[in-house]
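These notes are about the structure you will find just below.
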Amino acid sequence: MRYWWATPAAAERHLPGCCPPLAAPTAVICAMNIDEPFFALAATAFRPMGIVWWRAAGRERIRQVFLGKEREPAAEAIRKNYPQAVHKSSGCVEQLSGQLQRFLSGEPVTFDLSIFALEFCGDFQRRVLLAEYGIPRGRVSTYGRIAQHIGVSRASRAVGRALAANPFPIVIPCHRAVRADGSLGGYQGGTEMKKSLLEMEGVQLAPDGKSIVGKFYY
């Protein structure tokens, strides 16, 4: 058992892959009594995903979700970012694995954010992620509209950076954010995965790959 002092600076020193603070940081939490990190892998219709978790104050907390990439599978990314993580699952993690599998097979799934460690993200990124979480299935928004929604109208690039560092892809559906001209923009799992996810959710795409949207969300 370790005792973590988790200001953003301390969290970045002790927690590999910690969400980078994208705005003036405040202390996230004063202290937490947490176990060593664990990880589990979930086979999906796309590629295996990784879940890093631990127990904090007697509760299971999801620290990060890895989509996995062709050049860097989820298991490899976990070993790189969390070298101390032990392969272990739990009831909560098994439930999340099943939800991720169903989501990536095309089923509508609503994730409970209470088990995800958003407290390790900076205030700005948390606001962006919660706005993104609010975009419903079958709809898309733009980086600029999300910025306006959270009250920072000229921060579209910062919104893009916050979503690029989203520690909980799929759970927080950052694939539902596109550029102002409808082009898809980047995605942790790659553009083809983003395109497939949007089409699976009913978003129409033009032959040039841009989303066909009558009205953006927000």
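The values are calculated or read from the model by the stated rules, or taken from the named source; none is laboratory data. Everything numeric here is computed off the predicted structure, so don't read it as measured data. Because the Cβ atoms are built from the backbone with ideal geometry, glycine has one as well, and the counts that use them run over all protein chains shown.
Odds and ends about this structure:
- When 107, 94 are screened for being farther than 30 Å from residue 212 by Cα and assigned by TED's automatic domain parsing to the domain that holds residue 43, only 94 passes.
- Answer from 152, 171, 213, 178 - the residue that is among the hydrophobic types (A, V, I, L, M, F, W, C) and at pLDDT below 95: 213
- Yes/no for residue 155 being in the same structural domain as residue 134 (by TED's automatic domain parsing), under 12 Å from the mean Cα position of the chain (by Cα) and buried (at least 16 other Cβ atoms within 10 Å of the Cβ): no
- Listed by first and then second residue, the pairs with beta-carbon distance under 9 Å, at least 6 apart or on different chains, first residue in segment 88-104 and of a type in the set (Gly, Ala, Ser), second in a helix (DSSP H, G or I), are 89/97.
- Scanning segment 170-185 for residues that are over 21 Å from the mean Cα position of the chain (by Cα) and at negative phi returns 180, 181.
- Contacts under 8 angstrom Cβ, first residue in segment 108-123 being loosely packed, with under 14 Cβ neighbours inside 10 Å, partner part of a helix (DSSP H, G or I), 6 or more apart: none
- Answer residue from segment 78-87, given it is touching a residue at least 40 places away in the same chain (Cβ under 8 Å) and of a type in the set (A, V, I, L, M, F, W, C) and is nearest to residue 159 (Cα to Cα) among those: 85
- In segment 186-204, residue farthest from the chain's Cα centre (by Cα) [restricted to those that are more than 21 Å from residue 146 (Cα to Cα) and aliphatic (A, V, I, L, M)]: 200
- Some residue of segment 184-205 being outside the structural domain of residue 101 (by TED's automatic domain parsing), more than 24 Å from residue 47 (Cα to Cα) and at pLDDT 95 or above: no
- In the set (1) within 23 Å of residue 49 (Cβ to Cβ); (2) among the basic types (Lys, Arg); (3) at pLDDT below 95, the condition left unmet by residue 137 is number (3).
- Taking the criterion of being crowded, with 17+ Cβ neighbours inside 10 Å, among the aliphatic types (A, V, I, L, M) and farther than 14 Å from residue 217 by Cβ, the residues of segment 164-199 that qualify are 165, 170, 171, 172, 184, 193, 197.
- In a residue-by-residue description of segment 60-80, the property of being among the aromatic types (Phe, Trp, Tyr), within 17 Å of the chain's Cα centre (by Cα) and closer than 25 Å to residue 197 by Cα applies to at least one position.
- First in segment 38-65 and in the same structural domain as residue 97 (by TED's automatic domain parsing) and touching a residue at least 24 places away in the same chain (Cβ under 8 Å), second anywhere and of a type in the set (Lys, Arg) and surrounded by fewer than 22 Cβ atoms within 10 Å (Cβ to Cβ), Cβ under 6 Å, 6 or more apart: 38/88
- Of everything in segment 56-79 that is among the aliphatic types (A, V, I, L, M) and in a strand (DSSP E or B), the residue that is nearest to residue 116 (Cα to Cα) is 62.
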